[in-house]
Amino acid sequence: MDKTYVNRALADLVRINSVNPAFSNGTTNERRIAEYLTREFLGLGMDVNRYEPAPGRVSVVGRRAGIGGGRSLMLNGHIDTVAVDEMKDPFSAEIRGNRMYGRGTYDMKGGIAACMAAVKSLGDEPLKGDVVIAAVADEEVASIGMSAVLEHHKTDGAIVTEPTELAVCLACKGFSWIEVETAGRAAHGSRFDLGVDANMRMGHVLVALEALERELRARPHHALVGPPSLHVGTLHGGTGASTYAAACKAMVERRMLPSETEAAVLAEIEAILNGQGARARPTLTRLGFEARPDAPIVHALMETATRHLGARPPVTGAGYWMDAALIAEAGIDTAVIGAIGAGAHAAEEWVDLDSVAQVATILADTARAFCGT
Ligand SMILES: [Zn+2]
């Protein structure tokens with residue numbers, strides 16, 4: 001693998017501020033990094049398509065055309081980052097030892113650089129199927145980039161390059177935000193004869209939710225992502241000390257196993273609300289994913305990674321949600337492999353440069369195996 005190219009591409013990416021606008025009061029976005037990637041993808045001989053579902057929120061898709069008759073592969077990563085507050089030199093791309101430092105080195109411009117280096121290393125070698133790099137906006141917030149790309153691009157397999165410490169990640173949990181609201185009746189604080197206290201009613205709901213949470217974590221654990229769970233993220237009730245609260249709202253976040261559906265987790269919560277004058281309403285649900293162990297992309301990635309790493313890589317699952325789940329939901333077999341490093345969302349972030357090059361090598365060889373030579 002051409003390490004000079006890997007390090008140069010990664011440094012270029014890190015030096016472009018692409019903090020998600022949700023974390024910068026809208027002062028930054030993915031436009032500049034998308035312009036850079038457009039030029040690079042064209043330089044790698046790829047056709048380029050861009051998608052901009054909201055102003056400045058640009059995702060770039062490069063396609064290396066195959067000669068026909070093979071499976072198509074999507075290599076994916078997100079190009080937005082979280083905020084840079086507290087970081088000393090977020091865009092320095094400084095190299096110390098074998099590490100590069102800066103926001104996004106690990107999560108996950110290292111993955112994007114590995115995708116680029118993989119395509120570069122394929123050179124003019126004919127592959128039967130297409131290799132696509134989908135570099136998407138907004139993964140850190142609402143995934144509008146991945147959603148837009150999936151309306152236009154379907155491939156036979158996908159590899160997401162979120163950092164995994166060179167393990168192969170084959171599942172992640174989903175989540176559902178469910179707003180639970182208890183109803184009361186507003187009245188002056190002295191009028192116990194008229195008022196109905198929504199906050200007191202919520203107390204009963206919270207006790208029942210706590211029992212459900214204990215029950216969830218006693219269920220059989222999923223082999224890769226563990227047990228389901230829930231917590232109450234926010235609680236708002238009432239308008240003042242001298243008024244009976246007319247309403248109380250709790251935002252429940254239910255973390256879901258890959259097999260669980262919104263309807264099922266909602267029904268569980270509705271079942272415990274009986275008699276509390278409460279209702280539950282899902283406001284956002286992201287399903288988890290679990291790869292089919294016999295999917296061709298999983299097989300090709302495991303074989304290739306085992307060969308390059310000298311041992312079968314650990315198979316893991318992620319407790320947090322990632323774009324891989326959207327790709328899988330679109331019917332594309334998906335696996336995740338990425339670099340070694342630390343400091344995602346933290347004040348010091350770094351990536352191990354050798355591991356980025358290793359990921360690039362594994363991606364290129366997986367493309368050969370999966371797309372056909
Ligand atoms: Zn990430």
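Below are the figures for this structure:
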{"read-out": "Scope the range 176-205; condition hydrophobic (A, V, I, L, M, F, W, C), over 27 Å from the mean Cα position of the chain (by Cα) and open to solvent by 70 Å² or more (accessible area, probe 1.4 Å); matching residues", "value": "Phe192, Leu194, Met200"}
{"read-out": "Restricting the range 132-167 to residues that are more than 16 Å from the ligand (Cβ to nearest atom) and among the charged types (D, E, K, R), the residue that is least open to solvent (accessible area, probe 1.4 Å)", "value": "Asp156"}
{"read-out": "Pair list, Cβ under 8 Å, 6 or more apart: the range 77-88 residue within 25 Å of Met116 (Cβ to Cβ), other residue open to solvent by less than 30 Å² (accessible area, probe 1.4 Å) and of a type in the set (Lys, Arg)", "value": "Gly77/Lys109; Ile79/Lys109; Thr81/Arg103; Thr81/Lys109; Val82/Arg103; Val84/Arg103; Met87/Arg103"}
{"read-out": "Positions within the range 1-12 being touching a residue at least 24 places away in the same chain (Cβ under 8 Å), within 13 Å of Leu353 (Cβ to Cβ) and either part of a helix (DSSP H, G or I) or open to solvent by less than 20 Å² (accessible area, probe 1.4 Å) (or both), in sequence order", "value": "Lys3, Tyr5, Val6, Asn7, Ala9, Leu10, Ala11"}
{"read-out": "Listing of strands (runs of 3 or more DSSP E) fully contained in the range 280-373 that carry 3 or more residues being in contact with a Leu (Cβ under 6 Å, 6 or more places away or on another chain)", "value": "none"}
{"read-out": "Qualifying positions in the range 67-113 - within 18 Å of Thr4 (Cα to Cα), among the aliphatic types (A, V, I, L, M) and in a loop (DSSP other than H, G, I, E, B)", "value": "Ala93"}
{"read-out": "Flag for Ala208 being over 30 Å from Val359 (Cα atoms), in a loop (DSSP other than H, G, I, E, B), aliphatic (A, V, I, L, M) and open to solvent by less than 40 Å² (accessible area, probe 1.4 Å)", "value": "no"}
{"read-out": "The range 21-30: number of residues that are open to solvent by 80 Å² or more (accessible area, probe 1.4 Å) and within 20 Å of the chain's Cα centre (by Cα)", "value": "1"}
{"read-out": "Test: residue in the range 115-123 that is within 19 Å of the chain's Cα centre (by Cα), within 16 Å of the ligand (Cβ to nearest atom) and not in a helix (DSSP H, G or I)", "value": "no"}
{"read-out": "Condition check for Ala263: of a type in the set (A, V, I, L, M, F, W, C), open to solvent by 50 Å² or more (accessible area, probe 1.4 Å) and closer than 23 Å to Gly288 by Cα", "value": "yes"}
{"read-out": "Qualifying positions in the range 238-260 - open to solvent by 40 Å² or more (accessible area, probe 1.4 Å) and either in a helix (DSSP H, G or I) or touching a Ser or Thr at 6+ places or on another chain (Cβ under 6 Å) (or both)", "value": "Met251, Arg255"}
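The values are calculated or read from the model by the stated rules, or taken from the named source; none is laboratory data. This structure is a prediction, so every number in the text was calculated from the model and none was measured. With ideal geometry, Cβ positions are generated from the backbone for all residues, glycine too; neighbour counts draw on all protein chains shown. For accessibility, only protein heavy atoms count, side chains too; no ligands or nucleic acids. Shrake-Rupley method; radii C 1.70, N 1.55, O 1.52, S 1.80 Å.
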